[in-house]
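Report on the structure given below.
The values are calculated or read from the model by the stated rules, or taken from the named source; none is laboratory data. It should be emphasised that the depicted structure is a prediction, and the values quoted were computed from it without experimental measurement. Counting neighbours? That spans all protein chains shown, and the Cβs are built from the backbone with ideal geometry, glycine included. Accessible surface areas use protein heavy atoms only, side chains included; no ligands, DNA or RNA. Shrake-Rupley method; radii C 1.70, N 1.55, O 1.52, S 1.80 Å.
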Amino acid sequence: MNEGPLRQVGVLFVDKENGENLINTNDPDASNIQVTSAKTGEPYKSWDIVFQPESPNPLNGVVRLNGIPETAGDYSYNIQLGEIGSVKFSLTVSKKENETEAPCSRPYYFPITDIKIEDHPFEEFKHNGITIPEVLVVEF
């Protein structure tokens, strides 16, 4: 009953010359994108591209990884964007005690920290003066 929404993180790939999104936000095609576990090489299946054509969502075109585990540990993924290039995306999930006495609360929570691209310069996503640290921007 106290389940939260799926935990999500993402990467926005932009052109370093003009800042334009490298994924077609009018009709994104995911066929040239591959997401795999950096540790095992197995495909990571719980990902998609943010695509809301009915609204000018600034996150349209973000490669979004859904369902980040609620298990403490370090996680890393390779994201291949066709012939353009690839990045190694990593994060840490920690286990923290929930300091509330509420009877319906969970005894632990699992924050996501240290979200980064290991092999390429990146920035946290910013829009209208607000930083969204769960979305990283990478220029190619």
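Of note:
- Accessible surface of the chain [probe 1.4 Å, protein heavy atoms]: carbon and sulfur percent: 48
- Given [x] 1.06; [y] 1.00; [z] 1.32, the label whose value is Rg/Rh (Cα atoms, Kirkwood Rh) derived from this model: [y]
- Note on segment 4-73: with charges restricted to the Cβ of Lys and Arg (+1) and Asp and Glu (-1), its dipole about the Cα centre is near 360 debye.
- Each Cα pair under 8 Å and six or more residues apart adds its sequence gap; the mean of these over the residue count of segment 89-139 is a relative contact order of 31 percent.
- For segment 25-140, the solvent-accessible area with a 1.4 angstrom probe is 61 square angstrom per residue.
- Distance from the Cα centroid of segment 91-124 to that of segment 1-77 is 18 Å (rounded to whole angstrom).
- Relative contact order of the chain, pairs being alpha-carbon contacts under 8 Å that are 6 or more residues apart, as %: 26
- Since only N26, A38, P69 are under comparison, the one whose Cα sits farthest along the positive direction of the charge dipole of the chain, derived from C-beta charges on Lys, Arg, Asp and Glu, is P69.
- Low-density loop positions, trypsin sites (Lys or Arg not before Pro), segment 64-98 - DSSP coil, at most 14 other Cβ in 10 Å: K95
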